[in-house]
1. Projecting each Cα onto the charge dipole of the stretch 59-180 (Lys/Arg +1, Asp/Glu -1 at the beta carbon, about the Cα centre), which of F151, A98, L173 comes out farthest on the positive side?
2. Specify whether the C-alpha gyration tensor of the chain places it in the rounded, prolate or oblate class, a ≥ b ≥ c being the square roots of the eigenvalues: rounded for a/c under 1.5, otherwise prolate if a/b is larger than b/c and oblate if not.
3. Taking amide H positions as placed in the peptide plane 1.01 Å from N, state which residues far from H225 in sequence (5 or more) or on other chains have amide H under 5 Å from it.
4. Return the subset of K309/K562; K99/K163; K120/K174; K54/K521 for which the Cα-Cα distance in this structure is over 25 Å, preserving the input order.
5. What does the charge dipole of the stretch 263-347 about its Cα centre add up to, to the nearest 20 debye, if the Cβ of each Lys and Arg holds +1 and the Cβ of each Asp and Glu holds -1?
6. Report the relative contact order of the chain, percent, no decimals, based on alpha-carbon pairs under 8 angstrom and at least 6 residues apart.
7. Work out which GluC sites (Glu not before Pro) in the chain are exposed loop sites (DSSP not H, G, I, E or B, at most 14 other Cβ within 10 Å) and give the longest gap free of them.
8. Work out from phi, with θ = phi - 60° and the Karplus expression 6.51 cos²θ - 1.76 cosθ + 1.60, the ³J(HN,Hα) of each residue of the stretch 282-291, listed in order in whole Hz, and give x for Gly and Pro.
Amino acid sequence: MLETSKLETLKKLLATVSQEELVWINGFLSGITHTISIPNNIQESGRVSNAIDKITIVYGTETGNAKSLATQLSIYARKKGISVKLSALDQYKPADLAKEKYFFVIISTQGDGEPPAAAKRFYEYIHRGDLSIPHLEFGVIALGDSAYPLFCKTGEDVDIKLKEAGGTRIASLKKCDIDYEQDATEWFENALAVLRSVNSPTLPSVGKVQSKNKRQIYNGNVVGHINLNDTGSNKETYHIEIATEGIVYAPGDSIGIIPSNPIELVDAIINITGVDRDKVIDHRGKSATIFSLLHKELNITYLLPSVVKKYGNITQQNIPETKIGLWDLLNIYPVNSPVQFETVIAELNTISPRLYSISSSPSAHGDEVHITVSKDNYSINGELKFGLCSNQLSNQDINSNVEIFVHKNNIFRLPENNKDIIMIGPGTGIAPFRSFLHERNALGANGKNWLFFGDQCFVTDFLYQTEIQEWVATGLLTNVSLAFSRDQQEKIYVQDRIKDNGGEFYKWLEEGAYIYICGSKDPMSIDVENAILEVIQKHGDRSEDESVAYLEMLKSNDRFFKDVY
Ligand SMILES: Cc1cc2nc3c(=O)[nH]c(=O)nc-3n(C[C@H](O)[C@H](O)[C@H](O)COP(=O)(O)OP(=O)(O)OC[C@H]3O[C@@H](n4cnc5c(N)ncnc54)[C@H](O)[C@@H]3O)c2cc1C
Ligand SMILES: Cc1cc2nc3c(=O)[nH]c(=O)nc-3n(C[C@H](O)[C@H](O)[C@H](O)COP(=O)(O)O)c2cc1C
């Protein structure tokens with residue numbers, strides 16, 4: 001509790017501020033604490049019923065949409081005189097659910113229907129089965145993208161679990177597509193109206209409202225395409241330059257591409273099933289020939305378990321749960337007729353977009369977008385196979401066309417020009433940092449820059465070596481720490497370099513540096529985070545708990561960012 005004298009001073013100050021200033025102060029305090037309640041005595045006069053005076057809004061986000069929505073909604077609620085506790089799910093203690101009364105969750109879906117990394121702990125907590133929250137009134141806004149088969153799955157799961165644990169829905173689950181702003185804000189407005197049993201004035205929509213599920217697609221032309229790995233490397237990583245007109249993005253954003261299925265594979269599927277390639281059929285509202293659907297629209301390379309199960313039901317065969325593509329399925333468990341295959345087609349999902357971090361900078365490269373694509377490979381029964389989209393991009397000819405869209409990441413952004421940044425990006429994780437460095441170079445930013453990069457071998461896998469060396473020579477890069485895992489007997493990774501340079505790393509942190517991690521989620525980003533904790537503990541002379549608290553402080557002060565996949 002605040003001392004009485006301090007409270008009096010605060011009350012006096014608050015009595016003098018305008019509504020706009022109040023919202024600003026609110027945001028300012030949120031920035032400091034990440035979790036803030038506004039006292040009831042600063043409610044907008046006469047607008048509030050006594051039915052509800054306090055709510056909690058938590059958000060789980062990967063690329064910032066849920067965060068910005070949660071922030072907008074909390075500003076709205078506070079304007080209505082409701083006290084709001086706003087918290088990121090990785091900062092929220094799940095045990096606090098027992099103390100909540102009115103609880104709103106805004107959460108996106110990632111991967112194949114998975115929660116955002118920062119929401120995993122909360123998600124697992126509510127799935128434990130022993131949660132009992134009969135006092136809780138809750139509402140869930142699920143952010144998703146109907147281009148993915150498991151649309152809004154995480155929000156659905158959260159809604160179901162909170163209900164199963166005894167909670168009461170304030171309003172039914174709100175599933176939102178990429179054009180989420182208006183839908184979500186209207187839903188929230190109604191939910192608050194239900195709680196307060198009064199009609200709220202119409203809530204203005206937050207941000208630009210897109211037409212229903214329409215992405216802004218840019219037609220790109222491939223103007224540069226080189227393999228960054230040298231002969232003898234185990235890898236192929238392509239630097240691809242795409243010319244577009246009018247594209248708008250910021251360093252930290254990705255582009256999305258929807259790949260198509262190889263024509264030979266589609267032809268083989270049509271032959272083996274005997275289906276009429278030119279027959280026009282309807283797939284979830286879209287009419288096209290069977291060939292066109294299989295080539296451009298439907299995911300056939302790697303089926304979700306739910307689709308394999310439906311295939312088994314349609315063809316009346318017992319198929320074990322397995323990772324499998326349609327071609328293998330048709331060979332091992334054949335359909336009995338073209339008509340039966342048409343029933344299978346109806347159950348196929350659409351092809352999901354693939355994202356690639358943008359490695360160019362708007363200030364340095366104008367209308368061109370660059371990406372850094374690693375050709376993905378895997379084997380099935382000893383046979384080498386390549387990832388659908390990365391393989392297509394690897395084989396792209398100069399002058400060929402490619403359709404792209406921008407996937408914004410509003411929580412992976414450069415700080416002000418004078419701030420120091422530490423970038424940890426092994427492999428293709430280098431991509432956004434090439435963008436950051438070109439951008440800082442073009443803007444003449446004077447903050448210090450430290451890059452950690454690693455891959456297998458110096459000679460063959462030092463991606464963007466010439467540019468990096470040039471940036472060292474010009475002083476743009478203050479420090480570069482390299483880790484080539486296979487150049488010596490023992491494996492050395494970027495996390496080892498962080499520890500080797502722990503003293504200086506910690507000094508940068510103490511001086512206010514921002515940390516960015518990009519690349520593989522598991523194990524790289526986990527090992528790097530552990531290495532940073534070790535550095536804070538050792539060089540900051542802190543206990544394990546204190547170093548965790550220090551890292552939490554960096555996260556809540558928006559000085560620690562991850563973009564991992
Ligand atoms: C925010 C973000 C940024 C990213 N940035 C980059 C980047 O800068 N550079 C980059 O290279 N990548 C990046 N990625 C990864 C990229 O989006 C793709 O996931 C990657 O290229 C693989 O896609 P693909 O279509 O080539 O492979 P897919 O065809 O999707 O295959 C991927 C994996 O699925 C499995 N699989 C596929 N088909 C089958 C099958 N029939 N049977 C069994 N298993 C199968 C295999 O394990 C395979 O390795 C990023 C991802 C995200 C989310
Ligand atoms: C790699 C990846 C996988 C995704 N998987 C799903 C999914 O399975 N289901 C879904 O509805 N949306 C999926 N999405 C879409 C996101 O949920 C959507 O873009 C959302 O607005 C992101 O919100 P956030 O920025 O708060 O994380 C996926 C997005 C990405 C980048």
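Here, each number is a calculation from the coordinates, and none is a lab measurement. Since the model is a prediction, treat every value here as computed from it, not as a measurement. No Cβ is skipped: glycine too gets one built from the backbone with ideal geometry, and neighbour counts run over all protein chains shown.
1. Going by the Cα projections, it comes out as A98.
2. Oblate.
3. E241
4. Working: K309/K562 35 Å; K99/K163 16 Å; K120/K174 20 Å; K54/K521 37 Å.
With Cα atoms farther than 25 Å apart: K309/K562; K54/K521.
5. Values: 8 positive and 10 negative charges, 45 e Å.
Here the stretch 263-347 has a charge dipole of around 220 debye.
6. Values: 1033 pairs, mean separation 64.6, N = 565.
It rounds to 11 percent for the chain.
7. Numbers: sites that count: E3, E44, E245, E321, E416, E490, E511.
In short, 45-244.
8. Values per residue, Gly and Pro as x: 9, 10, 6, x, 10, 9, 6, 5, 4, 4 Hz.
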